[in-house]
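Undergrad: After the structure tokens below, expect a handful of questions from me.
The values are calculated or read from the model by the stated rules, or taken from the named source; none is laboratory data. Small disclaimer: the values here were computed from a predicted structure and weren't measured. In this analysis, Cβ positions are derived from the backbone assuming ideal geometry, glycine residues included, and neighbour counts consider all displayed protein chains. Each accessible area value is taken on the protein alone, full model and side chains, heavy atoms only, with ligands, DNA and RNA left out. Shrake-Rupley method; radii C 1.70, N 1.55, O 1.52, S 1.80 Å.
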Amino acid sequence: MSAFTLPSVTDSKSGWGPVGLSAQFRDIPYAPYSKADKLGRIADWSAPEGTQGKDQRGGAADQRGNRPGFRNFRDNYVPFGSNAANAFNYQHTEDEASFSVVDNRSTQKKSTGFKSAAGQRGGRGGLRQQGQQRAQFQRLGANRGGFGGARQQQGGQRGGRRGYNNWRDFDRNQRVRDASVKVGSEWSMLEEIEFARLNKLQFEVNDPEDIALYGAVATYDKAYDRVNTKQEKILQQVDRERDNVTTSEDPVLTNLAAEPAAEREQRVFATDSIIGVLMTASRSVYPWDIVITRTGDKVIFDTREGSQLDYVSVNENSSDPPMDTGDKDNVNSPSALSLEATYINTNFAAQVVNNEQVVELENANPFYGADEESVPLVGYRYRKFDLSTTEDEDISLFIRTEVDAVVKSAQGEDSYITVKALNEFDTRAQGAGGAMEWRQKLDSQRGAVVATEMKNNSCKLARWVVQSMLAGADHLKLGFVSRTNPKDAARHAILGTQICRPKEFASQMNLQITNGWGIVKTVVDLALKLPEGKYVLVKDPNKPVIRLYSVPKDTFEEQEETEAVEETA
């Protein structure tokens, strides 16, 4: 019986693996290998030589490493180092290029069967080639704006040849926006929430409780329902201006915060503008910030003086939004368009009402004295929402909401409405978002015009709908205002109006109110867990992310004092 001797094993003291290279393997080249590789076949002779990497039917092989001719094969893998030069490939030693055929005359093949319209041979092979050509055309169309590519790439936007009209698409993702507020060195980031997480939040809120009514509202003038592109009306400038008073400066909310709270009650104070921004945060693209103050059992959401939240954005959600070129005289820059849209909304809401038919609410306007003139006609509804989830939890949200006008219902009762305006600037300018000419399409294709506005101004319209629902308005009146001259941003004309119910409009926009309340609930719970102090919730200017910072208590106070001194001077 032969004896069996164990080979000598060398122990590696420095770690796992061989100690040295054996002499018999010294001249063999090394092949790359990774432990994460999926080991499959040692060899594959299913395809003839010379067809590796190509489909047996004439097309390219699957880029994911599938077997040629078998696109749905189970073992799909890409070996590690497959792109590197393989030292084990067989190479011919003879030069076959020196051989040639004696008879090199070309022979003409006889074609049998019928020919298709594209000039290819008939039968199944011809149909396959037509299918390949059609697939290739569709691929080109997806990149260059063919019959189907432009609609998919531009989200339904009209215009076929996308590759030619938008030749600067490469520059879109390279835009860098400035933050709405500069993050100081003494700021400390506490939380970062991505929009993907916000979209999964859900929370249901019961009907609110009306606390008080302030101000006065006028009756809507139904004559503006008959305005169209052929009978347009000039937008007039109204002397009355609205003041966007923040939460901490509202005397009504300040008095409510001063009242003693119930046992275990936690109170939160905000305006409909701030809550609307939070509920539609996942749709926002432009930067914004909200100041949060935590004192005792109270949390106050504020806006800074001159905050971006006080202005109306234009084409924020467009695939090619307006761009700042650095030219101060550019009337189509994002800042100029925002000022123009805010001006239009303020004057449109004041023009479409009948100032002779005014409905006085329970209390006078809290921001103006009785002897002051030019008091804006706007109604304030202070409402209380319950954000509690359990019996042991008691969270109350106090919101100041706004209504713009009243209309008589069929039963003769007054119903509140909110009035907003969409504006058109220059359809040929950069940032127009493929908008139609309103003077040509508004009367005949209003649905297409509204659909384009939903795409380009998704965040703005969603915020308006949320504010209408928070105020308990029965309808939302939308106006269509355009420049009388595309190059003149100072003169405008009203081309039409449209009325809609906020809930129905929200469903058309795929706006989930429960998701918005889930975002508000998350931010409120996060703020209630913080210690007393001042915080800032900031939307990143270039990423779909919101961040919560802890800031010193005197943050923004120096800026407000400087602005107050400048106004006094």
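Undergrad: What residue, among those in segment 486-520 that are of a type in the set (D, E, K, R) and closer than 21 Å to ALA432 by Cα, is least open to solvent (accessible area, probe 1.4 Å)?
TA: Once the filter is applied, the top-ranked residue is ASP488.
Undergrad: Hey, could you check segment 381-433 for residues that are basic (Lys, Arg) and surrounded by 23 or more Cβ atoms within 10 Å (Cβ to Cβ) and say which is farthest from ASP324 (Cα to Cα)?
TA: ARG381
Undergrad: Residue check: is VAL565 at pLDDT 95 or above and either open to solvent by less than 10 Å² (accessible area, probe 1.4 Å) or over 25 Å from ARG446 (Cα atoms) (or both)?
TA: no
Undergrad: Under 9 Å between Cβ atoms, which residue pairs at least 6 apart in sequence (or on different chains) link something in segment 293-306 that is on the phi < 0 side of the Ramachandran plot with a partner that is open to solvent by 40 Å² or more (accessible area, probe 1.4 Å) and of a type in the set (Ser, Thr, Tyr)?
TA: Between residues of segment 293-306 that are on the phi < 0 side of the Ramachandran plot and residues that are open to solvent by 40 Å² or more (accessible area, probe 1.4 Å) and of a type in the set (Ser, Thr, Tyr), the close pairs are THR293/SER248; ILE300/SER248; ASP302/SER248.
Undergrad: Further question on the same structure: Just to check your reading of the model, which residue among LYS534, LYS503, LYS521 is under 28 Å from GLU424 (Cα atoms), touching a residue at least 24 places away in the same chain (Cβ under 8 Å) and of a type in the set (D, E, K, R)?
TA: Of the residues listed, the single one that is under 28 Å from GLU424 (Cα atoms), touching a residue at least 24 places away in the same chain (Cβ under 8 Å) and of a type in the set (D, E, K, R) is LYS503.
Undergrad: So is ARG381 farther than 23 Å from GLU356 by Cβ, in a helix (DSSP H, G or I), touching a Ser or Thr at 6+ places or on another chain (Cβ under 9 Å) and not small (Gly, Ala, Ser) or not?
TA: So ARG381 fails the test.
Undergrad: Here's a follow-up. Could you tell me which residue of segment 250-297 is farthest from the chain's Cα centre (by Cα), considering only residues that are under 18 Å from ILE211 (Cα atoms) and of a type in the set (D, E, K, R)?
TA: This residue is GLU259.
Undergrad: Which residues, counting only those in segment 479-501, are among the polar types (S, T, N, Q) and more than 21 Å from ASN332 (Cβ to Cβ)?
TA: Once the filter is applied, which keeps residues that are among the polar types (S, T, N, Q) and more than 21 Å from ASN332 (Cβ to Cβ), segment 479-501 yields THR497, GLN498.
Undergrad: Moving on to the next point. Could you please find all residues in segment 201-220 being open to solvent by 60 Å² or more (accessible area, probe 1.4 Å) and either in contact with a helix residue (DSSP H, G or I) (Cβ under 8 Å, 6 or more places away or on another chain) or of a type in the set (A, V, I, L, M, F, W, C) (or both)?
TA: Selection gives GLN202, GLU204, ILE211.
Undergrad: For residues that are small (Gly, Ala, Ser) and not in a helix (DSSP H, G or I), scanning just segment 326-378, find the one that is least open to solvent (accessible area, probe 1.4 Å).
TA: Filtering first and then ranking leaves SER333.
Undergrad: Consider PRO541 carefully, then state whether it is outside any helix (DSSP H, G or I) and either farther than 18 Å from ASP297 by Cα or among the basic types (Lys, Arg) (or both).
TA: In short, yes.
Undergrad: For a quick check of your reading of the model, give me the residue pairs whose first member lies in segment 192-215 and is closer than 20 Å to SER284 by Cα and of a type outside the set (S, T, N, Q), whose second is in a loop (DSSP other than H, G, I, E, B) and open to solvent by less than 90 Å² (accessible area, probe 1.4 Å), with beta-carbon atoms closer than 6 Å and at least 6 apart or on different chains.
TA: Qualifying pairs under 6 Å: PHE195/PRO544.
Undergrad: So VAL545 ticks every box in (1) open to solvent by less than 40 Å² (accessible area, probe 1.4 Å); (2) β-branched (Val, Ile, Thr); (3) closer than 21 Å to TRP464 by Cα but one. Which box is left unticked?
TA: Among (1) open to solvent by less than 40 Å² (accessible area, probe 1.4 Å); (2) β-branched (Val, Ile, Thr); (3) closer than 21 Å to TRP464 by Cα, VAL545 violates only (3).
Undergrad: Identify all residues within segment 434-482 that are of a type in the set (Ser, Thr, Tyr) and buried (at least 19 other Cβ atoms within 10 Å of the Cβ); write none if there are none.
TA: Matches in segment 434-482: THR452, SER458, SER468, SER482.
Undergrad: Considering every residue within segment 331-338, establish whether at least one is out of contact with any strand residue (DSSP E or B) (no Cβ under 9 Å at 6 or more places or on another chain), of a type outside the set (A, V, I, L, M) and closer than 30 Å to ARG226 by Cα.
TA: yes
Undergrad: Let me spell it out: the conditions are (1) assigned to a strand (DSSP E or B); (2) within 21 Å of ASN317 (Cβ to Cβ), and LYS534 meets all of them except one. Which number is the exception?
TA: (2)
Undergrad: Check whether at least one residue in segment 400-413 is within 30 Å of VAL268 (Cα to Cα), in contact with a helix residue (DSSP H, G or I) (Cβ under 9 Å, 6 or more places away or on another chain) and modelled with pLDDT under 90, and report yes or no.
TA: Scanning segment 400-413, I find no residue that is within 30 Å of VAL268 (Cα to Cα), in contact with a helix residue (DSSP H, G or I) (Cβ under 9 Å, 6 or more places away or on another chain) and modelled with pLDDT under 90, so the answer is no.
Undergrad: Return a yes/no flag: does segment 309-325 have any residue that is in a helix (DSSP H, G or I) and either within 30 Å of ALA490 (Cβ to Cβ) or open to solvent by 40 Å² or more (accessible area, probe 1.4 Å) (or both).
TA: Yes - at least one qualifying residue is present in segment 309-325.
Undergrad: Which ones in segment 294-308 are in contact with a Leu (Cβ under 7 Å, 6 or more places away or on another chain) and buried (at least 22 other Cβ atoms within 10 Å of the Cβ)?
TA: Residues satisfying the conditions are VAL299, THR303.
Undergrad: Tell me, yes or no, whether segment 221-234 has at least one residue that is surrounded by 12 or more Cβ atoms within 10 Å (Cβ to Cβ), closer than 30 Å to PRO366 by Cβ and β-branched (Val, Ile, Thr).
TA: No, because not a single residue in segment 221-234 is surrounded by 12 or more Cβ atoms within 10 Å (Cβ to Cβ), closer than 30 Å to PRO366 by Cβ and β-branched (Val, Ile, Thr).
Undergrad: If a residue must be in contact (Cβ under 8 Å) with a residue 40 or more places away in the chain and closer than 29 Å to THR254 by Cα, how many such residues does segment 337-388 contain?
TA: 28
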